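Data block below; observations after.
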Amino acid sequence: MEPVAAELLMALASGTAGAAGQSLWERLRALVRREAAEAVGEGELAALDEDTADDARARALADALALRAEQDPAFARALTLWHQEAERIHGGGGRGGDTRQEISGGTQHNVVFTRDVHGTINLG
């Protein structure tokens, strides 16, 4: 199973992935909590909820998810499906954020490429 990237977890936890991301975050929370008396990853999930910008907490959650997937094949299958959907909805944001923009034909003015804007943009 491909590990879940810390960047993807932080984006989903912080709400920057929009309503779909919030739904995915809730589904991950439910997945971690189900079928285990002592759910591996639950503490890490709660810690990232407290500070969604903490890279160390996101990495700890990613490690806990990987460990649990190794120990529990049913969890691994469910997590793989969740991860595929998260990557699809978030646009591969957990893979370093590679983007490609292209402008062709004619003359363009005032072209702006951006990603992950958290606030206003004034081109004044």
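The values are calculated or read from the model by the stated rules, or taken from the named source; none is laboratory data. The structure presented is a predicted model; accordingly, all values stated were derived computationally and were not measured. Positions of Cβ are generated from backbone atoms using ideal geometry, with glycine treated the same way; all protein chains shown enter the neighbour counts. The accessibility values were calculated without ligands, DNA or RNA, using every heavy atom of the protein model including side chains. Shrake-Rupley method; radii C 1.70, N 1.55, O 1.52, S 1.80 Å.
For the chain, what is the accessible area per residue in Å² when the probe is 1.4 Å?
I get 63 Å² per residue for this part.
Kindly state, to the nearest 0.05, the FRET efficiency for Ala30 paired with Leu67, given R0 = 22 Å and r defined as their beta-carbon distance. Don't jump to the answer; show the numbers that get you there.
Numbers: r = 19 Å, r/R0 = 0.86.
The computed FRET efficiency comes out at 0.70.
Rounded to the nearest 500, what is the chain's calculated 222 nm mean residue ellipticity when only DSSP H runs of at least 4 contribute -39500 (n - 2.57) each, over all residues?
On the way: 5 runs with 69 residues, N = 124.
When only DSSP H runs of four or more count, the value is -18000 deg cm²/dmol.
Taking the Cα-to-Cβ direction at Met1 and at Val112 and moving 7 Å from each Cα, how far apart do the two end points lie in nm?
4.1 nm
Hey, any idea what % of the chain's accessible area is carbon plus sulfur with a 1.4 Å probe? Kindly include the intermediate steps, with their values, before the conclusion.
Details: 3640 of 7800 Å².
After summing per-atom areas, the C and S share lands at 47 percent.
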